[in-house]
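Reviewing the structure listed below.
What follows draws every value from the coordinates through simple rules; no lab data is involved. Since this is a predicted model, take the numbers as computed values, not measurements. Cβ coordinates were reconstructed from backbone atoms using ideal geometry, including for glycine residues, and neighbour counts include every protein chain displayed.
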Amino acid sequence: MAEKKAEEFQTAATRVSLVSMITNVILTLLKLAAGLLAHSGAMISDAVHSASDIFSGLIVLLGVKISTKEPDEQHPYGHERYECVAALLLSGILAVVGGAIGIGAVKDIISGKTAEIPGLLALIAAVVSIAVKESLFWYTRGYAKKYRSTALHAEAWHQRSDALSSIGALIGIAGARMGVPVMEPIASLIIALFILRVAIRIFKEAIDQMVDHSCNEEAEEAFRTTALEQPGVMGVELLRTRMFGNRVYVDLEIAADPNLTLAAAHEIAEDVHDAIEKTFPEVKHIMVHVNPAKKHD
């Protein structure tokens with residue numbers, strides 16, 4: 001069952017990455033041509049951002065392929081954290097691209113350099129980019145939520161950052177066409193800040209999943225409730241969770257009747273184990289320990 005789900009996830013992630021890369025190749029060429037022909041520095045900056053999305057698609061594809069490999073002797077707990085590595089690489093690419101665009105924009109603002117008034121083609125390209133990239137964000141995010149994928153989630157926000165940067169480009173180009181040429185480099189600077197913000201967000205989320213960060217309170221409460229619903233469980237004395245890439249490990253200590261036989265206590269633990277793994281597909285493994293319920297005077 002787990003193997004089938006991993007194969008299904010890999011197929012979906014491959015589809016998403018290919019759609020993303022093909023779309024970004026087309027958008028990069030469109031933006032670059034529009035930027036050069038319409039003399040728009042902001043649109044050229046936006047084209048560079050879209051070009052980085054092509055490489056991010058390749059990284060996601062590779063990260064997902066490795067993360068879905070079966071456990072082996074060297075990696076007995078699986079390879080899920082390679083998704084986090086892919087997300088970290090994405091954040092690094094975004095940080096470099098954002099930094100380069102920002103530095104160039106600041107230099108242009110300080111020097112007072114003025115470029116030619118951008119043409120109408122740059123405006124059209126910005127509007128098209130916003131519509132396409134926002135659609136791609138929702139498309140990718142849907143699969144990221146379905147499979148709880150860190151890499152696809154990072155890729156979705158990469159697409160959203162491109163849509164936001166195109167909005168910045170649109171404002172800058174419109175301002176320059178209205179006689180305020182400094183709006184172009186200001187727009188490029190805004191684009192850079194958007195990119196850096198997304199890079200920091202992706203980096204933080206990936207790090208959280210690599211350092212055994214616990215699940216959110218809602219998820220832990222759901223695990224606790226499911227355990228308490230099982231026959232023979234008199235209480236939950238300890239619940240610990242940790243993220244392992246996009247999967248969850250759970251350590252659980254439950255209380256049961258101290259007069260039960262070892263076999264009966266084991267059966268209760270098995271029921272809790274099976275119920276949680278069946279109800280929550282994101283749980284990769286749960287360890288259930290049974291304690292004798294304390295007697296109250």
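Could you give me the ³J(HN,Hα) list for segment 183-196, computed from phi with Karplus coefficients 6.51, -1.76, 1.60 and θ = phi - 60°, whole Hz, x at Gly and Pro?
5, 4, x, 5, 4, 4, 5, 4, 4, 4, 5, 4, 4, 5
What is the spin-label model distance, in nm, from Asp72 to Ile124 if the labels are put 7 Å beyond Cα along the C-beta direction?
Result for the modelled spin labels: 5.2 nm.
Arranged by the count of other C-beta atoms within 10 angstrom, fewest first, what order do Ile26, Ile202, Ile268 take?
Exposure proxy ranking, most exposed first: Ile26, Ile268, Ile202.
Tell me, what ³J(HN,Hα) does each residue in segment 85-99 have, in order and in whole Hz, if you take phi through Karplus 6.51 cos²θ - 1.76 cosθ + 1.60 with θ = phi - 60° and put x for Gly and Pro?
4, 4, 5, 5, 5, 4, 5, x, 4, 4, 5, 5, 4, x, x
May I ask which of Lys69/Lys146; Lys133/Lys278; Lys107/Lys145; Lys133/Lys284 have a Cα-Cα span longer than 29 Å here?
Lys133/Lys278; Lys107/Lys145; Lys133/Lys284
Given the Cα-Cα distance of Leu260 and Leu18 and 0.36 nm per residue of separation, how much length would full extension add, in nm?
81.5 nm
For segment 35-44, take each phi angle, set θ = phi - 60°, evaluate the Karplus expression 6.51 cos²θ - 1.76 cosθ + 1.60, and give the result in whole Hz per residue in order, putting x for glycine and proline.
Once rounded to whole Hz, the list reads x, 6, 6, 9, 6, 10, x, 5, 6, 5.
Which of Met234, Ser149, Ile167 sits farthest toward the positive end of the charge dipole of the chain, with +1 on the Cβ of Lys and Arg and -1 on the Cβ of Asp and Glu?
Ile167
Could you compute the longest span of the chain free of trypsin sites (Lys or Arg not before Pro) located in DSSP loops and having at most 10 other Cβ atoms within 10 Å, not counting the site residues?
It runs 1-293.
Report the FRET efficiency, 1/(1 + (r/R0)^6), for Met287 and Ile200, where r is their Cβ-Cβ distance and R0 is 35 Å, rounded to 0.05.
Efficiency, from the Cβ-Cβ distance: 0.55.
Under a 5 Å amide H to amide H cut-off, with H placed in plane at 1.01 Å, what residues pair with Gly78 once short-range neighbours are removed?
The answer is Asp72.
Note the angle between two axes, namely the Cα long axis of helix 120-147 and the longest principal axis of the Cα atoms of the chain, as a number of degrees from 0 to 90, rounded to the nearest 10.
On a 0 to 90 degree scale, this one is about 10.
Does anyone have the angle between helix 262-279 and the longest principal axis of the chain? Alpha-carbon axes, 0 to 90°, nearest 10?
Helix 262-279 sits at roughly 20 degrees to that axis.
Tell me the angle of helix 150-177 to the major Cα principal axis of the chain, expressed in degrees between 0 and 90 and rounded to the nearest ten.
Helix 150-177 sits at roughly 20 degrees to that axis.
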